[in-house]
Amino acid sequence: MIDRTGLAEFLRRRRELLQPEDVGLPRGQRRRTSGLRREEVAVLCHMSTDYYSRLERERGPQPSEQMIASIAQGLHLSLDERDHLFRLAGHNPPTRGTTSEHISPGLLRILDRLDDTPAEIVTELGETLRQTTLGVALTGDTTSYTGPARSIGYRWFTDTTTRQLYAPEDHPFLTRMFCSGLRQIVTLRGPDSRAAEYVRLLLAQSEEFRRVWDDHEVGVRPNDVKRFVHPEVGALELTCQSLLDPEQSHRLLVYTAHPGSESYEKLQLLSVIGAQAIH
């Protein structure tokens with residue numbers, strides 16, 4: 001059963017403990033609120049202010065598991081705090097481990113501070129969980145995909161538009177890399193894993209994947225330098241740095257260009273284009 005009082009008190013306390021800069025929001029002037037405002041939390045949780053406010057006032061229907069997951073992520077909760085929130089709302093907590101899509105507060109705090117840099121948080125299968133604004137400007141909104149298409153490795157073999165963003169001379173290597181990566185994850189996670197399901201689908205749908213899969217190649221690592229072909233600014237060479245959350249196998253990928261290089265100038269232009277797209 002839902003514990004309305006406990007849920008309301010927990011939400012209020014977590015909101016009051018967070019500061020705007022903790023979640024990538026501007027503090028602004030004349031701020032009197034201790035912590036975040038309800039409307040700010042609602043934006044972070046992708047829901048209406050009225051819906052969120054009713055939860056803090058012990059009103060409204062029981063929130064769904066999807067709503068609770070969104071609130072847990074928006075409030076930057078740890079896994080223990082997330083599980084507690086689910087139980088207060090009358091739900092069993094989701095499983096932990098590599099299948100979890102709850103991003104750790106540490107990775108989120110870093111991502112929130114990278115507003116001038118292309119960056120994203122991905123699962124071990126290349127499913128994008130969160131992007132910076134400049135990350136969206138660089139690769140498009142890759143969080144919007146559903147089903148197997150959420151994985152860039154799956155899209156590489158099933159959606160030709162995916163390859164348009166990468167330098168053509170790198171395509172053979174990327175084909176080997178995505179196939180090798182899937183093989184290693186299947187071996188690690190087992191035949192009942194999501195990775196194994198993706199392999200079964202790709203074997204049925206892609207002749208190219210079947211050919212490369214038969215090579216049994218493993219250990220093909222991503223290059224440090226990624227070469228993109230952006231539809232508006234053209235070719236970019238970006239260095240990719242990776243930070244791993246070992247508990248859930250999430251990676252924070254950060255793309256930077258050498259200062260003074262042509263790619264650096266193009267990133268500055270892309271930041272302007274991205275800002276204009278938002279407004």
Here are Thr162, Thr123: which of them is closer than 21 Å to Ser206 by Cα and of a type outside the set (Lys, Arg)?
Thr162
With respect to Met67, determine if the residue is surrounded by 14 or more Cβ atoms within 10 Å (Cβ to Cβ), assigned to a loop (DSSP other than H, G, I, E, B) and of a type in the set (A, V, I, L, M, F, W, C).
no
What residue, among those in region 105-152 that are assigned to a loop (DSSP other than H, G, I, E, B) and of a type in the set (A, V, I, L, M, F, W, C), is modelled with the lowest pLDDT?
Leu114
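Anything in region 244-266 that is hydrophobic (A, V, I, L, M, F, W, C) and at pLDDT 95 or above? List them, or say none. Please lay out each step first, then the result.
Taking region 244-266 as the starting set, the residues that turn out to be hydrophobic (A, V, I, L, M, F, W, C) are 244, 252-254, 257.
If the condition is that a residue be hydrophobic (A, V, I, L, M, F, W, C) and at pLDDT 95 or above, then Leu252, Leu253, Val254, Ala257 are the ones that fit.
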Quick one: Tyr255 ticks every box in (1) closer than 25 Å to Asp80 by Cα; (2) buried (at least 16 other Cβ atoms within 10 Å of the Cβ) except a single one, so which number is it?
(1)
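A quick yes/no check of all residues on (1) touching a strand residue (DSSP E or B) at 6+ places or on another chain (Cβ under 9 Å); (2) free of Cβ contacts under 8 Å to residues at least 60 places away in the same chain:
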{"position": "Tyr198", "(1), (2)": "yes, no"}
{"position": "Glu207", "(1), (2)": "no, yes"}
{"position": "Glu217", "(1), (2)": "no, yes"}
{"position": "Asp245", "(1), (2)": "yes, no"}
{"position": "Glu262", "(1), (2)": "yes, yes"}
Select from region 49-78 the residues that are of a type in the set (A, V, I, L, M, F, W, C), out of contact with any Cys (no Cβ under 6 Å at 6 or more places or on another chain) and touching a residue at least 60 places away in the same chain (Cβ under 8 Å) and write down the one among them that is farthest from Gly106 (Cα to Cα).
Leu75
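Conditions (1) closer than 25 Å to Pro118 by Cα; (2) without any contact (Cβ under 8 Å) to a residue 40 or more places away in the chain; (3) surrounded by fewer than 13 Cβ atoms within 10 Å (Cβ to Cβ); (4) not assigned by TED's automatic domain parsing to the domain that holds Ala149, marked per residue:
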| position | (1), (2), (3), (4) |
| --- | --- |
| Thr175 | yes, yes, no, no |
| Leu202 | no, no, no, no |
| Pro222 | yes, no, no, no |
| Ser242 | yes, yes, yes, no |
| Pro259 | yes, yes, yes, no |
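The values are calculated or read from the model by the stated rules, or taken from the named source; none is laboratory data. Everything quoted here is computed from the prediction, not taken from an experiment. Note: ideal-geometry Cβ built from the backbone for every residue, glycine included; neighbour counts use all protein chains shown.
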